[in-house]
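Accompanying notes for the structure given below.
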Amino acid sequence: MAKRSVLGLYTEEDSAADALDNLRDAGFDEGEYEILTGTPYPEGTFGEAEPQHKLYRWPLIGAACGFTIALLITAGTELAYPLITGGKPILSIPAMAIIMYEGSMLGAIIFTVIGIIFESRLPRLFMGAYSEKITEGHIGVTVTTEENRTDVAEEALKQAGIDGEIIRGWQ
């Protein structure tokens, strides 16, 4: 089934919180609805779950990949073109350490940028319902669910005492 989006606009915080309670009571999961607002509210103001961020994993994975690639490049180069000078070892650890450090930092930076893009949910393939009134101070509660459940979502949004209007994302 196709996913559809429904947006309810509210002027009061309590009405938006009531709408989230009604959606939970109607059987919607935490991932099916979200709050849209142009005003920064503290986490949990509307009773929504605190988001789980996993951005810290990306730099660690990137640093490990960068370190491994730098190790392979430096060791491979020194072994492919051995320059024996004065009986010193072919693999020079101090010289390799600098390149491995730089590789680790480069990998961490690249993977951090990639992680930010993914954690920000970009690119957003399905753009749901939206209204410019959100930037004017209204609070939007958007529900993205299966097509056959949009009527239940609209009813739950209306029960909270909708101040604005209901906007459907497919119209």
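The values are calculated or read from the model by the stated rules, or taken from the named source; none is laboratory data. Just so you know, these numbers come straight off a predicted model, no measurement behind them. Quick reminder, even Gly has a Cβ in these numbers, built from the backbone with ideal geometry, and neighbours come from all protein chains shown.
So here's what we get for this one:
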quantity	calculated
Near pairs, Cβ below 9 angstrom, 6+ apart or cross-chain, from the stretch 30-43 (at pLDDT below 85) to any residue that is in a strand (DSSP E or B)	G31/T144; Y41/I35; Y41/I139
Qualifying residue in the stretch 154-166 (condition: of a type in the set (A, V, I, L, M, F, W, C), closer than 30 Å to G8 by Cα and touching a Lys or Arg at 6+ places or on another chain (Cβ under 8 Å))	yes
Matching residues, the stretch 80-104, being free of Cβ contacts under 8 Å to residues at least 12 places away in the same chain, of a type in the set (V, I, T) and either touching a His at 6+ places or on another chain (Cβ under 8 Å) or not in a loop (DSSP other than H, G, I, E, B) (or both)	I93, I98
Qualifying positions in the stretch 54-90 - under 17 Å from T112 (Cβ atoms), buried (at least 16 other Cβ atoms within 10 Å of the Cβ) and of a type outside the set (A, V, I, L, M, F, W, C)	P59, G62, G66
Filter result for A75 (in a loop (DSSP other than H, G, I, E, B) and not assigned by TED's automatic domain parsing to the domain that holds K158)	no
Residue in the stretch 105-121 that is touching a Gly at 6+ places or on another chain (Cβ under 7 Å), assigned to a loop (DSSP other than H, G, I, E, B) and within 30 Å of E30 (Cα to Cα) present	no
L36 in contact with a helix residue (DSSP H, G or I) (Cβ under 6 Å, 6 or more places away or on another chain) and within 29 Å of I166 (Cα to Cα)	yes
